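**Q** One structure coming up, written as structure tokens, with questions to follow.
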Amino acid sequence: MGSESHDSVHIFLFPFMAHGHMIPVSDMAKLFASHGVKITIVTTPQNAIRFSQTTQSGKPYDIQIKAIEFPSEEAGLPKGCENLDSLPKPELANTFFKATRLLQAPLEELLNEFKPTSLVADMFFPWATEAAAKFGIPRLVFHGTSFFSLCASECVRLYEPYNTVSGETDTFVIPNLPGEIELTRSQVPDFMKNNVLNDLTQLLKEAKASELKSYGIVVNSFYELEPVYADYYRNGLGRKAWHIGPVSLCNRETEEKVQRGLEASIDEHECLKWLDSKKPDSVVYVCFGSVAKFNSTQLKEIAMALEAAGQDFIWVVRKGKDEVDQDEWLPEGFEERMEGKGLIIRGWAPQVLILDHPSVGGFVTHCGWNSTLEGISAGLPMVTWPVSAEQFYNEKLVTQVLKIGVGVGAQKWIRLIGDSVKKEAIVKAVSQIMVGEEAEVRRSRARELGKQARRAVEEGGSSYEDFNKLIEELKSHS
Ligand code: UDP
């Protein structure tokens with residue numbers, strides 16, 4: 001793939017330990033390696049096992065993985081808890097974020113030993129800029145989100161527009177952000193509105209400061225998707241950034257798509273056989289990412305909506321078969337009635353494999369950036385159902401800027417759990433993306449973006465070119 005030799009460049013990739021951060025880093029590792037760049041992923045022992053499986057599936061890549069100990073017990077976490085998705089309760093999230101500071105010393109040992117050309121470290125590791133600087137190594141930041149979200153969140157942080165309204169359902173325009181983008185107060189996290197000082201907010205402040213001192217920012221997006229915001233981020237907000245995505249497009253073979261993230265809870269052949277039996281664009285894929293976990297009432301509401309909407313569907317439910325409340329959320333006789341029409345995947349789905357299948361015609365998503373960009377890359381219209389993190393911004397990009405999605409009406413930012421949404425709203429939004437003239441217009445816009453995404457990563461495309469610029473610039477440091 002790469003035309004020139006880049007083997008004088010050695011990059012350390014250091015992802016935050018959550019699937020939404022590790023998966024794109026795994027893709028990025030393949031992307032760099034396919035251009036002949038020497039790559040080392042630094043992570044904890046449990047996560048290292050997963051990385052070696054994902055990076056060695058399909059075509060084998062020359063990617064080194066270095067494991068560093070994560071003393072989870074010392075930090076007040078259960079033994080072996082090394083990933084955000086293995087927290088026994090969501091309240092431990094702040095402890096987890098704080099605990100990652102313990103990784104600084106072992107990371108520095110590795111930096112000292114290998115002296116890589118650059119360290120690409122997750123935004124949640126603000127201390128990484130200083131750690132790299134000790135050895136004269138430029139640190140790049142990876143946030144894992146869109147230019148649009150990076151710009152919107154920065155304008156909200158700088159101008160605190162939520163303070164100009166008092167009611168939770170009152171709307172405000174995000175100041176200085178191109179496009180007159182409106183949010184309601186309830187879509188802003190409470191810790192921000194209430195100026196809460198805790199480990200997480202402290203970490204976010206430090207992350208901002210360290211980002212400004214870092215060498216630059218690597219963005220998993222492509223220029224044609226959000227040119228106004230890519231320009232605003234660089235020229236308006238003054239950030240040095242490179243767009244290199246969609247990185248998920250480096251997974252071309254079925255095996256690679258299946259091995260992304262966790263081990264799939266469904267046999268890929270079974271899944272593909274089911275999809276093959278469906279008409280083009282007829283299936284709605286419903287998935288809320290790797291961490292959001294809805295309660296039983298909400299799951300029941302979704303089940304009833306999927307039945308009422310009448311479309312074929314694949315629904316990924318993050319409640320295990322063996323959980324105590326296993327049946328509570330399923331309406332009586334649901335699975336029997338939906339046999340052949342709907343497929344429930346309990347656990348982990350091979351998402352990119354599913355999204356890329358021609359039978360899939362729509363995506364109900366929580367607007368995590370990876371999922372959003374994977375949906376865009378597959379040319380799919382979406383129902384947007386943001387839960388927390390920066391997902392409300394991504395929703396605005398999809399519905400208002402790109403006009404390829406319909407909001408389900410989630411109004412409140414609630415970490416991991418989300419706002420409650422009623423059956424009727426879900427049925428309406430699903431129908432709007434699947435049926436009728438407007439749906440067709442949205443679908444053709446989405447298709448065009450999917451094509452542009454593919455072009456961006458091909459030789460000569462915008463992401464391909466920016467990737468090369470990044471490598472050339474790093475070479476001057478090696
Ligand atoms: N994912 C998957 N199967 C699942 C759930 C999630 O492959 O059953 C992948 C999805 O393709 C995406 C990532 O997990 O790459 C989730 O990242 P995202 O940013 O969408 O959301 P997060 O999990 O961080 O909330």
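**Q** Among T372, T384, T399, T365, which is the only one that is of a type outside the set (D, E, K, R) and touching a Cys at 6+ places or on another chain (Cβ under 6 Å)? Step through it out loud before you land on a result.
**A** Working: T372 fails: touching a Cys at 6+ places or on another chain (Cβ under 6 Å); T399 fails: touching a Cys at 6+ places or on another chain (Cβ under 6 Å); T365 fails: touching a Cys at 6+ places or on another chain (Cβ under 6 Å).
The unique qualifying residue is T384.
**Q** Output the residues belonging to the stretch 435-454 that are of a type in the set (D, E, K, R) and either at pLDDT below 95 or under 10 Å from P381 (Cα atoms) (or both). Write out each step before concluding.
**A** Kept after step one, since they are of a type in the set (D, E, K, R), are these residues of the stretch 435-454: 437-438, 440, 442-443, 445, 447-448, 451, 454.
Of everything in the stretch 435-454, those that are of a type in the set (D, E, K, R) and either at pLDDT below 95 or under 10 Å from P381 (Cα atoms) (or both) turn out to be E440, R442, R443, R445, R447.
**Q** Can you name the residue in the stretch 264-297 that is among the acidic types (D, E) and closer than 22 Å to G379 by Cα and is also surrounded by the fewest Cβ atoms within 10 Å (Cβ to Cβ) among such residues?
**A** Here the answer is D276.
**Q** Separate question: What are the residues in the stretch 227-285 that are within 14 Å of the ligand (Cβ to nearest atom), closer than 30 Å to S210 by Cβ and basic (K, R), if any?
**A** Listed by number, the list holds a single entry, R260.
Yes or no, residue by residue, for (1) within 16 Å of the ligand (Cβ to nearest atom); (2) not hydrophobic (A, V, I, L, M, F, W, C):
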position	(1), (2)
A132	no, no
G136	no, yes
V141	no, no
G144	yes, yes
L150	yes, no
S153	yes, yes
L158	no, no
T164	no, yes
F172	no, no
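**Q** Now for a separate question. Only residues that are part of a loop (DSSP other than H, G, I, E, B), among the polar types (S, T, N, Q) and within 19 Å of V398 (Cα to Cα): list them for the stretch 409-456, please. Spell out the reasoning first.
**A** Taking the stretch 409-456 and keeping what is part of a loop (DSSP other than H, G, I, E, B), we get 409-422, 435-436.
Imposing the further condition that a residue be among the polar types (S, T, N, Q) reduces the set to 411, 420.
Within the stretch 409-456, just Q411 meets the criteria.
**Q** Can you pull out the residues in the stretch 369-385 that are more than 10 Å from the ligand (Cβ to nearest atom) and out of contact with any Lys or Arg (no Cβ under 6 Å at 6 or more places or on another chain)? Break it down stepwise before answering.
**A** First pass over the stretch 369-385, keeping only residues more than 10 Å from the ligand (Cβ to nearest atom): 376-385.
I376, S377, A378, L380, M382, V383, T384, W385, listed by residue number.
**Q** With (1) β-branched (V, I, T); (2) under 26 Å from K193 (Cβ atoms); (3) crowded, with 21+ Cβ neighbours inside 10 Å as the list, and I376 as the residue in question, which single condition is left unmet?
**A** Exception for I376: condition (2).
**Q** Among the residues that make up the stretch 275-295, is at least one of them free of Cβ contacts under 8 Å to residues at least 40 places away in the same chain and among the aromatic types (F, W, Y)?
**A** There is no residue in the stretch 275-295 that is free of Cβ contacts under 8 Å to residues at least 40 places away in the same chain and among the aromatic types (F, W, Y).
**Q** Would you check if E323 is over 30 Å from V120 (Cα atoms) and at pLDDT below 95?
**A** Working: over 30 Å from V120 (Cα atoms): yes; at pLDDT below 95: yes.
It is true that E323 is over 30 Å from V120 (Cα atoms) and at pLDDT below 95.
**Q** Given the criteria out of contact with any helix residue (DSSP H, G or I) (no Cβ under 6 Å at 6 or more places or on another chain) and either within 21 Å of A429 (Cβ to Cβ) or assigned by the TED database to the domain that holds A93 (or both), does S296 qualify? Give the derivation first.
**A** Values: out of contact with any helix residue (DSSP H, G or I) (no Cβ under 6 Å at 6 or more places or on another chain): yes; either within 21 Å of A429 (Cβ to Cβ) or assigned by the TED database to the domain that holds A93 (or both): no.
Judged against the criteria, S296 is not a match.
**Q** Among the residues in the stretch 422-433, are any surrounded by fewer than 21 Cβ atoms within 10 Å (Cβ to Cβ), within 29 Å of F222 (Cβ to Cβ) and at pLDDT 95 or above?
**A** Initially, the stretch 422-433 is screened for residues surrounded by fewer than 21 Cβ atoms within 10 Å (Cβ to Cβ), giving 422-425, 427-428, 431-432.
Now restrict to residues that are within 29 Å of F222 (Cβ to Cβ): 432.
Next, from what is left, pick out any that are at pLDDT 95 or above: 432.
Yes; the residues of the stretch 422-433 include at least one that is surrounded by fewer than 21 Cβ atoms within 10 Å (Cβ to Cβ), within 29 Å of F222 (Cβ to Cβ) and at pLDDT 95 or above.
**Q** While we're here: Working carefully through the options E473, E395, find the one that is surrounded by fewer than 20 Cβ atoms within 10 Å (Cβ to Cβ) and either at negative phi or part of a helix (DSSP H, G or I) (or both).
**A** Values: E395 fails: surrounded by fewer than 20 Cβ atoms within 10 Å (Cβ to Cβ).
The match here is E473.
**Q** Does the stretch 24-55 hold any residues that are over 24 Å from A131 (Cα atoms), within 16 Å of the ligand (Cβ to nearest atom) and of a type in the set (A, V, I, L, M), and which are they?
**A** Kept after step one, since they are over 24 Å from A131 (Cα atoms), are these residues of the stretch 24-55: 27, 30-31, 33-36, 49-50, 52-55.
Pick out the ones that are also within 16 Å of the ligand (Cβ to nearest atom) and you get 27, 30-31, 50, 53-55.
The one that is over 24 Å from A131 (Cα atoms), within 16 Å of the ligand (Cβ to nearest atom) and of a type in the set (A, V, I, L, M): L31.
**Q** Further question: Within the stretch 276-312, can you find the residues that are assigned to a helix (DSSP H, G or I) and polar (S, T, N, Q)?
**A** First, the residues of the stretch 276-312 that are assigned to a helix (DSSP H, G or I): 276, 296-309.
S296, T297, Q298, listed by residue number.
**Q** To continue, here is another question. Of everything in the stretch 324-368 that's of a type in the set (G, A, S) and surrounded by fewer than 17 Cβ atoms within 10 Å (Cβ to Cβ), which residue is farthest from the ligand (Cβ to nearest atom)? Explain how you work it out, then say what you get.
**A** Within the stretch 324-368, the first condition is being of a type in the set (G, A, S), and the residues that meet it are 333, 340, 342, 347, 349, 359, 361-362, 368.
Next, from what is left, pick out any that are surrounded by fewer than 17 Cβ atoms within 10 Å (Cβ to Cβ): 333, 340, 347.
Values: G333: 25, G340: 22, G347: 7 Å.
Selected residue: G333.
**Q** Here's another thing I want to ask about it. For the stretch 48-71, indicate whether the set of residues that are small (G, A, S), in a helix (DSSP H, G or I) and out of contact with any strand residue (DSSP E or B) (no Cβ under 8 Å at 6 or more places or on another chain) is non-empty.
**A** Within the stretch 48-71, the subset small (G, A, S) is 48, 52, 57-58, 67.
Okay, now just the ones that are also in a helix (DSSP H, G or I), so 48, 52.
The next check asks that each one be out of contact with any strand residue (DSSP E or B) (no Cβ under 8 Å at 6 or more places or on another chain); those that pass are none.
No, every residue in the stretch 48-71 fails to be small (G, A, S), in a helix (DSSP H, G or I) and out of contact with any strand residue (DSSP E or B) (no Cβ under 8 Å at 6 or more places or on another chain).
**Q** A further question on this structure: Does V408 satisfy being modelled with pLDDT of 95 or more, more than 24 Å from L353 (Cβ to Cβ) and either β-branched (V, I, T) or touching a Cys at 6+ places or on another chain (Cβ under 9 Å) (or both)?
**A** Numbers: modelled with pLDDT of 95 or more: yes; more than 24 Å from L353 (Cβ to Cβ): yes; either β-branched (V, I, T) or touching a Cys at 6+ places or on another chain (Cβ under 9 Å) (or both): yes.
Yes, satisfied.
The values are calculated or read from the model by the stated rules, or taken from the named source; none is laboratory data. Given the structure is predicted, the values throughout are model-derived calculations rather than measurements. We place every Cβ from the backbone using ideal geometry, glycine too, and count neighbours over all the protein chains shown.
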